[in-house]
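Take a look at the structure set out below.
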Amino acid sequence: MQTKPQAALFVTCLVDLMRPQVGFASAALIEAAGFEVVAPRWQTCCGQPNYNSGDRRAARSMAERTISVLEPYSHVVVPSGSCAGMIKVHYPSLFDEADALFGKARALADRTEELTVFLARHGYTPSVPLQATRVAYHDSCSGLRELGIHDQPRSLLRKLPGLKLLELSEPEVCCGFGGTFCVKYPDVSGRMVENKTADIAATGADTVAMGDVGCLLNIEGKLRREGRDIRACHVAELLAGTLEKSSER
């Protein structure tokens, strides 16, 4: 009996603590793509907050742990452009080339993919029927600029029956979250997300989807404070057909 190849789901901190339903949706999608999903028990933060704050020693320590935890897996899938970018782009820079961990960091970077990139590369076709839904898509900064993610989520969403994909006038402009940026510069961050929600509303969309929970929390919070009847979700929730179920609870 042929066994399915394994794929490790790197859950990310925000998914784990704030949006676990995104993790379950991601696991369902990876399984539908033909893989056995494993969520390594001892995974923790990838170290991105430390790295962005200049604490390279702590970032390296967390990278060492992540490399060790994920070393057994040939495929590592991350439902976050920013965390995937940390592993793929920044992990190798934390180690000297003479360090044995440099090669392991490069190898892990090569095995790691953001969720929509992974699904598109493995030919996943969503088939969950939706009620007529007008969806705008927001590009997260890390996914777009570090990993070049743009067409993959859109091509997957366009395959969903009943979904009409709408484009923002400035889909590639930051929402103002930026990890610790929103804490350091709240006034600037607040104006940026205000511009973002206005752009979303102008499309006539009833839903805005994105690939990072950080952006999701920021945009969703602003939409609610403004009283706009627009739901925000992770792209995995739409593709897996779990958005309606989670909205009903």
I need H150, H90 ordered by Cβ neighbour count within 10 Å, fewest first. H150, H90
To the nearest 20 debye, the stretch 1-98 has a Cα-centred charge dipole, built from +1 on Lys and Arg Cβ and -1 on Asp and Glu Cβ, of 160 debye
Taking the chain and counting helices only, DSSP H stretches of n ≥ 4 at -39,500 (n - 2.57) each over all residues, the nearest-500 ellipticity at 222 nm comes to -13500 deg cm²/dmol
Within 10 Å of each residue's Cβ, count the other Cβ atoms and sort I87, I67 from fewest upward. I67, I87
Mind telling me which of S82, S53, S26 comes out most flexible in a GNM of the chain, alpha-carbon contacts under 10 Å? S53
Roughly how many Å is it from the Cα centre of the stretch 94-115 to that of the stretch 154-177, as a whole number? 31 Å
Could you work out how far helix 20-32 tilts from the main Cα principal axis of the chain, as a 0 to 90 degree angle to the nearest 10? 80 degrees
Take the chain, connect every pair of alpha-carbon atoms lying under 10 Å apart with a spring to form a Gaussian network, then pick out the residue of S169, S189, S140 with the largest mean-square fluctuation. S169
Please arrange K4, K88 by how many other C-beta atoms lie within 10 Å of their C-beta, fewest to most. K4, K88
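With viscosity set to 1.567 mPa s and temperature to 4 °C, compute the Stokes-Einstein D of the chain, Rh being the Kirkwood radius across alpha carbon pairs; µm²/s, no decimals.
For the chosen part, D equals 70 µm²/s.
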14 Å cut-off, amide nitrogen to a point 7 angstrom out along E194 Cα→Cβ, residues in the stretch 150-179: 176
Test of understanding: in a Gaussian network model of the chain with alpha carbons linked when under 10 Å, which of G176, G204, G54 would top the mean-square fluctuation ranking? G54
Rounded to the nearest 20 debye, dipole of the stretch 22-77 from Cβ charges on Lys, Arg, Asp, Glu: 300 debye
Highest-first arrangement of 68-75, 151-158, where packing means the average Cβ count within 10 Å: 151-158, 68-75
Solvent-free Debye scattering, log10 I(q)/I(0), computed from the Cα coordinates of the stretch 1-148 at q = 0.12, 0.14, 0.16, 0.17 Å⁻¹: -0.51, -0.69, -0.88, -0.99
By how many nm would the segment from F102 to V38 grow when fully extended, if each residue of separation counts as 0.36 nm and the alpha-carbon distance is taken off? 20.6 nm
Less than 14 Å apart at the alpha-carbon level, and either on another chain or at least 8 residues along: which aspartates and glutamates does that give for K222? D187, E194, D199
Compute the FRET efficiency between E170 and T3 as 1/(1 + (r/R0)^6), taking r as their Cβ-Cβ distance and R0 = 45 Å, and round to the nearest 0.05. 0.45
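Using a/c under 1.5 as the rounded threshold, could you call the stretch 137-235 rounded, prolate or oblate? The axes a ≥ b ≥ c are square roots of the C-alpha gyration tensor eigenvalues, and prolate needs a/b larger than b/c, oblate otherwise.
oblate
If the limit is 32 Å between Cα atoms, which of K88/K159; K104/K159; K164/K184; K4/K104; K159/K196 go over it?
Too far apart for the 32 Å limit: K104/K159; K164/K184.
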Nearest-20 debye value, the stretch 154-249 charge dipole, Cβ charges on Lys, Arg, Asp, Glu: 160 debye
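Readers should treat all values here as calculations from the given coordinates under stated rules, not as data from a laboratory. Computed from a prediction, not measured in an experiment: that's the story for all the values here. Positions of Cβ are generated from backbone atoms using ideal geometry, with glycine treated the same way; all protein chains shown enter the neighbour counts.
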